[in-house]
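Let me begin by presenting the structure, written as structure tokens, before commenting on it.
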Ligand code: PPE
């Protein structure tokens, strides 16, 4: 993907020229916000999935950390389209990032307000995030020994760069323990989410996902999956979930832009259902896969043709 173009503060630049200074504020303090957005090939051409919803969340994330966003929503959406138009065919993922840059005086310090806000939009190849095999066989996850910061400690409904060190250490822990992904519990000990995904469980035909006060990102895929599940005739509820409720679920799945709809086969070596994608997960996966490539007229508003 190093032949792609990157949008940087209003202009498309070559991949190799998209650089920042080492005194960039965000590099030291995590003072940035980002998004991840999928690009899909449809019959009518390339489309960006729920572009406006992602860019609204991007602007809200900036607002949450008192970062002035130098561009309007429509400018940001158009910039994303521009990047996709210039992207090689394997480009399937957009990464908008807004960050406090370098204080022009060269001084450093926690206060970001003397630094400019820089905005970049890159296109990269994501492919299967948790693994291709896992999309069918189910992923192996472990409960992280790290807990998710509480709503008192972090803005969990905003995608803030600095928040992600929690995900980074938990993901490394999972990999070291031979798992694909980690499950994060919150400070109350109830289920929050994955390091980069929301989580759902199925029990007796009912679909349950942690409510927002459980300390989860308000995922756009979470919303798409809730919509699809309801349209398929299932009841979906948002409530607190305990770790052992998950162990005893009929099916567990994770959702995210990168992860799409990923079935969970085991948690802490406890087999979930039959240890592979269950029937409801498969039905949701199938509808979601059709929706993102424009094969479900009902969801065509989710696609932004470039
Ligand atoms: N929770 C977290 C913590 C999270 O990072 C994501 C997205 C989600 C839930 C799902 O949100 P949504 O994409 O709107 O459905 N994680 C992004 C970053 C992954 C990465 O490794 O980078 C993503 O999936 O794009």
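Where a number appears in this text, it was derived from the coordinates with a stated rule and is not lab data. Note that the structure is predicted; figures quoted are calculated from it, not measured. A quick note on method: Cβ atoms are made from the backbone with ideal geometry, for glycine too, and the neighbour counts reach across all protein chains shown.
With 0.36 nm allotted per residue and the present C-alpha distance subtracted, the residue 244-residue 111 stretch has 43.6 nm of extension available. Highest mobility in the GNM of the chain, judged by mean-square fluctuation with C-alpha springs under 10 Å and restricted to 248, 113, 76, is found for 113. Return the tail of the calculated pair distribution for the range 94-228, meaning the percent of Cα-Cα pairs more than 25 Å apart. Cα-Cα pairs in the range 94-228 separated by more than 25 Å: 38 percent.
Here the simple spin-label model places points 7 Å from the Cα toward Cβ, and for residue 157 and residue 218 these points are separated by 0.4 nm. For the chain, modelled as a GNM whose springs connect Cα atoms under 10 angstrom apart, the maximal fluctuation among 238, 133, 218 occurs at 133. The label point for residue 13 and the one for residue 41, both projected 7 Å from the Cα toward the Cβ, are 3.1 nm apart. Our estimate of slack between residue 300 and residue 1, defined as 0.36 nm per intervening residue step minus the Cα-Cα distance, is 104.8 nm. Each part reduced to its alpha carbon centroid, the range 3-74 and the range 128-178 end up 22 Å apart.
Converting the Cα gyration tensor eigenvalues of the range 5-124 into ellipsoid dimensions via √(5λ) gives semi-axes, longest first, of 27, 16, 10 Å.
Between 178, 32, 278, the residue with the greatest mean-square fluctuation in the GNM of the chain (Cα pairs under 10 Å linked by springs) is 178.
Taken along its principal axes, the alpha carbon cloud of the range 255-306 reaches lengths of 43, 20, 10 Å, longest axis first.
For the chain, state the semi-axes of the equivalent ellipsoid (square roots of 5 times the eigenvalues of the alpha-carbon gyration tensor), sorted largest first and rounded to whole angstrom. Intermediate results must be reported in sequence, preceding the final value.
Values: eigenvalues 207, 114, 55 Å².
Values for the chain, descending: 32, 24, 17 Å.
Please work out the FRET efficiency for the pair residue 235 and residue 86, using the Cβ-Cβ distance as r and a Förster radius of 51 Å; give the result to the nearest 0.05. Calculated transfer efficiency: 0.70. By the Cα gyration tensor, the range 134-295 has an equivalent ellipsoid whose semi-axes, rounded to whole angstrom, run 23, 18, 15 from largest to smallest.
Roughly speaking, what is the stretch gain from residue 271 to residue 56, that is 0.36 nm per residue apart minus the C-alpha to C-alpha distance, in nm to one decimal?
Details: separation 215, 0.36 × 215 = 77.40 nm, distance 3.83 nm.
Extra length from residue 271 to residue 56 when fully extended: 73.6 nm.
With angles folded into 0 to 90 degrees, how steeply does helix 279-292 sit against the dominant principal axis of the chain? Use alpha carbons for both and round to 10. For 279-292 against the chain, the angle is about 30 degrees. Using R0 = 25 Å, the C-beta based FRET efficiency linking residue 187 and residue 286 works out to 0.10. With angles folded into 0 to 90 degrees, how steeply does helix 73-85 sit against the dominant principal axis of the chain? Use alpha carbons for both and round to 10. For helix 73-85, the angle is close to 80 degrees. Using only Cα atoms, find the angle between the long axis of helix 220-231 and the longest principal axis of the chain, and express it within 0 to 90 degrees, rounded to the nearest 10. Once rounded, one gets 40 degrees.
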